[in-house]
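A short worksheet on the structure shown next.
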């Protein structure tokens with residue numbers, strides 16, 4: 001006989017056992033005497049040893065864990081920290097390296113006091129993890145670098161995200177609106193130059 005419960009796994013366990021329940025008769029002793037009682041699976045008394053039950057639980061947990069996680073997602077980072085650019089000479093070196101390997105770079109011009117910049121930075125770092133091998137991501141704090149570097153980037157508003165390719169700025173997104181909209185605009189901009 002099966003028990004109808006809202007959980008389909010319980011119904012499955014009660015109906016589809018390897019051995020029919022009628023054949024699973026065991027002798028149980030209760031104090032002074034013993035009776036012939038059906039073996040119960042899942043609820044009530046169970047005549048399996050504690051070791052058998054622990055092994056079954058371990059197997060079940062291993063199966064759940066292997067079905068939940070795929071091996072390709074484990075090795076992939078969820079976000080990558082952007083490298084800081086501190087002066088014009090470092091920017092020149094980065095642009096030369098990018099030009100040699102013909103890879104565009106993305107620069108996030110931000111300020112430590114800018115709330116929109118603070119909210120946007122972790123989202124851009126997640127985006128950096130997606131484009132890890134195709135594009136390098138850099139960050140410039142406009143208050144901690146020489147103003148010559150800020151003028152070179154032609155920055156007037158923050159946050160400003162720019163794509164640089166072949167030593168010059170190709171496109172930019174000024175992120176004064178919702179972060180998810182800015183991220184979508186950055187994705188479109190990246191797709192143009194990859």
Checklist entry - What are the residues in the stretch 90-107 that are under 15 Å from residue 145 (Cβ atoms) and surrounded by fewer than 15 Cβ atoms within 10 Å (Cβ to Cβ), if any? => result 92, 93
Checklist entry - Restricting the search to the stretch 154-189, which residues are in a helix (DSSP H, G or I) and either surrounded by 20 or more Cβ atoms within 10 Å (Cβ to Cβ) or not assigned by TED's automatic domain parsing to the domain that holds residue 109 (or both)? => result 182, 186
Next on the checklist: If I ask for residues that are at pLDDT below 90 and either out of contact with any helix residue (DSSP H, G or I) (no Cβ under 9 Å at 6 or more places or on another chain) or not in a loop (DSSP other than H, G, I, E, B) (or both), which ones from the stretch 131-148 would you list?
Outcome noted: 132, 133
Checklist entry - Which residues, counting only those in the stretch 107-130, are assigned to a helix (DSSP H, G or I), farther than 18 Å from residue 178 by Cβ and touching a strand residue (DSSP E or B) at 6+ places or on another chain (Cβ under 6 Å)? => result 128
Checklist entry - Could we say that residue 151 is touching a residue at least 60 places away in the same chain (Cβ under 8 Å) and outside any loop (DSSP other than H, G, I, E, B) here? => result no
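The values are calculated or read from the model by the stated rules, or taken from the named source; none is laboratory data. Predicted model only: the values in this text are computed from it and were never measured. Cβ sites come from the backbone with ideal geometry, for glycine too, and all protein chains shown count toward neighbours.
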